[in-house]
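J.: I'd like to ask some things about the structure below.
The values are calculated or read from the model by the stated rules, or taken from the named source; none is laboratory data. Not measured: the values here are computed from a predicted model. Please note: Cβ atoms are built from the backbone with ideal geometry, for glycine as well, and neighbour counts cover all protein chains shown. With ligands, DNA and RNA removed, areas are computed over all heavy atoms of the protein, side chains included. Shrake-Rupley method; radii C 1.70, N 1.55, O 1.52, S 1.80 Å.
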Amino acid sequence: MANEIDIHISKEQVAELPTVKFEGDITLIDRPEDVREAVAYLRSQPLVGFDTETKPNFRKGMSNTVSLMQVSSEERSFLFRLNKIGFCDELREFMECEDVLKVGLSLKDDFHMLHQIGSFEQANFVELQDMVKEFRITDASLQKIYAILFGERISKAQRLTNWEAATLTPAQMAYASLDAWACQRIYRLLEQGTWRPEESPYAVPHVEETITPEQAEKRARRKLERQQRKERRAAARDAEATQATPARKRTRQRKRPTPPPPPAN
């Protein structure tokens, strides 16, 4: 049945859902000396959500550089005010590290904006827009994807606010944190394999699409990469379990002392 349906939600259906809130801790980083400790925490996490914000410009032909970079674990969110601290070496190393899986949506746009203020070679990122296609979800926005999977609505009221204001409001910080947190939550759910597209209330009849050989190859490559990530995580868990099991102490049998020779007659 999964091959006969697509998953799609309308704007009207999204609007009827309850609003989700970020309940974790938010740390605002607006001083260069605070970056190292924040990145050290993030480097200790196996998986984080990733997003950026840019001050909107309503003049035609004008654009701004990226203002904020958000990175979130399950419990904590870090907001790096790039317009104040710049794109420092610690952030570059984080973007290039292989030991943390970083999940985002529309990453191509994020990378384009970040490359305008610093050079880096992004590594170990997952694009959710590609991933959800494997689960028959045809919507591409974070708000709709989250609504389909969790039955809650991400409010976009703060999206077009001033991200370079002297002080970010609590509402701005909560919104920025929520987007990054939602990315990693979506990834976790889909990777668990417990969500069933055929059971979704937003399933609609599938309209067959024509894909090019290049698109088919790309999808097969993404599927293989997901399988390889699962195998690496399983191997890591097995290694941790092995290290946690105390090694048996080998018991050595004590040799009996050789009796002295009998006295000569």
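J.: Please report the accessible area of Arg229 (heavy atoms, 1.4 Å probe, ligands and nucleic acids excluded) in Å², nearest 10.
T.: Using a 1.4 Å probe on the heavy atoms, I get roughly 30 Å².
J.: With every protein chain kept in the model, how would you rank Lys156, Lys108 by accessible area, 1.4 Å probe, largest at the top?
T.: Most to least solvent-accessible, the answer reads Lys108, Lys156.
J.: Ratio of alpha-carbon Rg to the 2.2 N^0.38 Å globular estimate for segment 170-230, to two decimals, please.
T.: The value comes to 1.56.
J.: Separate question: Quick one: putting +1 on the C-beta of Lys and Arg, -1 on the C-beta of Asp and Glu, what dipole do you get for segment 58-143 around its Cα centre, in Debye to the nearest 20?
T.: Dipole magnitude for segment 58-143 comes out near 640 debye.
J.: Let me ask something else about it. Subtracting the Cα-Cα distance from 0.36 nm times the residue separation, let me have the gained length for Lys223 to Thr194 in nm, one decimal.
T.: Length difference between fully extended and current span is 8.7 nm.
J.: Starting from the Cα of Gln116, step 7 Å along the direction of its Cβ; do the same at Ala165; then give the gap between the two resulting points in nm.
T.: 2.2
J.: Here's a follow-up. Label Glu96 and Thr27 with points 7 Å out from Cα along Cα→Cβ: what is the distance between them in nm?
T.: Inter-label distance under the simple model: 2.3 nm.
J.: While we're here: List, in order, the whole-Hz ³J(HN,Hα) value for each residue of segment 211-222 obtained from phi through the Karplus relation with A = 6.51, B = -1.76, C = 1.60 and θ = phi - 60°; use x for Gly and Pro.
T.: 10, 7, x, 5, 5, 4, 5, 5, 5, 5, 5, 5
J.: While we're on this one: Going down the table (Lys55/Lys218; Lys84/Lys218; Lys108/Lys223; Lys21/Lys223; Lys84/Lys156), which pairs top 30 Å between alpha carbons?
T.: Check vs 30 Å cut-off fails for Lys55/Lys218; Lys84/Lys218; Lys21/Lys223.
J.: Express in Å², to the nearest 10, the accessible area of Thr52 obtained by rolling a 1.4 Å probe over the protein heavy atoms while all chains stay in place.
T.: 10
J.: Taking square-rooted eigenvalues a ≥ b ≥ c of the alpha carbon gyration tensor, is segment 52-101 rounded, prolate or oblate, where a/c under 1.5 means rounded and, failing that, a/b exceeding b/c means prolate?
T.: Verdict is prolate for segment 52-101.
J.: I would also like to ask the following. Please identify every one of the GluC sites (Glu not before Pro) in segment 16-46 that sits in a loop by DSSP and has no more than 11 other beta carbons within 10 Å of its own beta carbon.
T.: Glu16, Glu23
J.: Here's another thing I want to ask about it. With every protein chain kept in place and ligands, DNA and RNA left out, what is the accessible area per residue of segment 1-95? Probe 1.4 Å, answer in Å².
T.: That works out to 55 Å² per residue.
J.: Same structure, new question: Calculate what fraction, in whole %, of the accessible area of segment 9-107 sits on carbon and sulfur atoms when a 1.4 Å probe is rolled over the protein chains.
T.: 44
J.: Something else: In bins 10 Å wide, starting from 0, what share of all Cα pairs of segment 3-113 does each bin hold, as a percent?
T.: Reading the bins upward from 0: 12, 37, 30, 17, 4, 0.
J.: Could you tell me the accessible area of His112 in Å² (1.4 Å probe, neighbours in place), rounded to the nearest ten?
T.: Near enough 110 Å² of accessible area.
J.: Heavy-atom accessible area per residue, segment 104-198, 1.4 Å probe: how many Å²?
T.: Per residue, segment 104-198 has 42 Å² of solvent-accessible surface.
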